[in-house]
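The values are calculated or read from the model by the stated rules, or taken from the named source; none is laboratory data. Everything numeric in this text was worked out from a predicted model, so none of it was measured. FYI the Cβ positions are ideal-geometry reconstructions off the backbone, even for glycines, and counts take in every protein chain you see. Side chains included, ligands, DNA and RNA excluded: accessible areas come from the protein's heavy atoms. Shrake-Rupley method; radii C 1.70, N 1.55, O 1.52, S 1.80 Å.
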Amino acid sequence: MGLSNVYGVPGVGTRGRAKLIDGKAIAAAERQAVAAGVERFVATHGRAPALATILVGDDPASAVYVSSKVKACAEVGLGSVHHHLPADVSREAVLALIDELNADSAVSGILCQLPVPDHLDGIELTNRIDPGKDVDGLTVASAGRLALGLPGLRPCTPAGVMAMLAHTGVEVAGRRAAVLGRSNLFGKPMAQMLTAADATVTLCHSRTLDLSACCREADVLIAAVGRPAMVKGSWIKPGATVIDVGINRGPSGLVGDVDFAAALPVAGAISPVPGGVGPMTIACLLRNTLRAAELAAQGSSDTSY
Ligand code: NAP
């Protein structure tokens with residue numbers, strides 16, 4: 001989406017009343033910064049950081065996600081090594097592979113693509129990853145470090161939203177924020193990151209009473225429920241920043257969780273779907289891989305138990 005840049009902030013343009021927050025442009029800037037960091041790392045250490053990806057089975061969507069991550073690594077100069085395991089691989093074999101990658105100093109980050117086939121436990125596999133290589137930020141150790149306000153590798157999608165807010169110049173400290181959705185993957189870490197940034201956060205879910213009123217109080221409204229166009233224009237506080245994390249496939253293509261057309265005249269700034277949060281997730285994975293390599297090279301215990 002080509003956006004005008006009348007606000008003088010790269011990646012922020014206008015349409016209707018709200019500024020459009022262009023995740024593609026912001027992600028491109030993030031990737032450029034990672035590429036520069038990788039160059040510095042190679043100059044210092046004589047090797048590039050590398051991401052190891054594990055894909056179990058032949059789920060077509062997962063295969064596309066993994067291949068786009070591998071391609072993104074190459075574009076910023078990160079190495080990658082891909083392990084494609086058969087759908088009937090044993091639990092022991094996957095755990096042994098993760099142990100091997102944990103012990104391999106050439107591997108900076110490890111990603112086990114979820115979901116995995118039913119005979120495997122995605123949570124167990126994820127938790128086997130060394131927290132120092134947990135570039136998805138989804139192990140119990142990483143979640144605990146986030147909850148306790150300790151440094152660590154953060155989950156990519158909420159980290160991407162924080163980067164979008166920062167890039168757009170949205171002040172969150174002292175403001176009211178509402179996060180719709182309380183998943184471990186997104187909603188909970190998002191609420192914790194906003195809290196760490198001094199926002200006052202309401203975490204909403206399917207049992208929240210008077211959801212629209214909760215949303216209307218928010219200066220920053222972040223929707224991640226997986227329900228097309230659920231958030232109506234009347235739910236949005238005039239001038240609020242709206243970040244739409246939802247990805248819903250409909251007859252007319254991808255749509256978010258926010259009724260975009262209705263939100264435009266009300267919101268102060270809004271991220272579109274597609275072209276909003278989506279591109280930020282991979283950019284943050286690349287950033288985490290570089291960060292993990294830097295911490296390992298410093299012998300830092302920042303991300304270890
Ligand atoms: P999830 O695990 O299915 O969680 C959905 C959350 O939404 C739950 O907490 C659920 O509440 C809440 N919810 C569902 N219906 C609701 C309703 N009618 N009112 C209020 N809350 C409701 O989903 P997720 O993994 O967090 O993903 C959410 C959306 O974000 C999906 O569309 C997904 O594709 C998208 N996503 C995008 C990216 C990206 O890179 N852009 C990354 C991750 C996710 P309960 O807990 O009460 O059930």
Contact order relative to length for region 47-129, counting C-alpha pairs under 8 Å separated by 6 or more residues, stands in percent at 42
Once region 174-220 is represented by equal point scatterers at the alpha-carbon sites, with solvent omitted, what log10 I(q)/I(0) does the Debye formula produce at q = 0.25 Å⁻¹?
-> -0.87
Give the Cα extents of region 47-129 along the principal axes, in whole Å, largest first.
-> 36, 29, 18
Descending semi-axes in Å of the chain, equivalent ellipsoid built from Cα gyration tensor | 33, 21, 19
Peptides 219-230, 119-130: what's the order by average Cβ count within 10 Å, highest mean first?
-> 219-230, 119-130
Sulfur and carbon atoms: percent of accessible area, the chain [1.4 Å] | 55
What residues qualify as long-range amide H neighbours of Lys237, i.e. H under 5 Å apart, gap of 5 or more or another chain, H built at 1.01 Å from N?
-> Ala218
Each residue of region 42-57 in turn: what ³J(HN,Hα) in whole Hz from Karplus with 6.51, -1.76, 1.60 and θ = phi - 60°, glycine and Pro shown as x?
-> 5, 4, 7, 10, x, 7, 8, x, 9, 9, 9, 10, 10, 10, 10, x
In Å and whole numbers, how far do the C-alpha atoms of region 22-63 stretch along each principal axis, longest first?
-> 38, 32, 6
Could you give the nm distance between label points at Leu148 and Ala87, where each point is 7 Å from its Cα heading toward the beta carbon?
-> 4.1
Based on the Cβ-Cβ distance from Ala173 to Asp210, what FRET efficiency comes out when R0 is 30 Å, to the nearest 0.05?
-> 0.70
Using Cα pairs closer than 8 Å and at least 6 residues apart in sequence, work out the relative contact order for the chain, in percent.
-> 21
per DSSP, antiparallel bridges as share of beta bridges in the chain, % nearest 5, sits at 15
Order by accessible surface, 1.4 Å probe, largest leading, for residues Ser68, Ser206 comes to Ser206, Ser68
Lone cysteines, the chain (no partner Cβ under 4.7 Å) | Cys73, Cys112, Cys204, Cys214, Cys215
Please give the per residue volume of the convex hull enclosing the alpha carbon atoms of region 155-278, rounded to a whole number of Å³.
-> 93
Over the alpha carbons of region 21-95, what is the largest minus smallest coordinate on each principal axis, giving the biggest first in Å?
-> 40, 36, 15
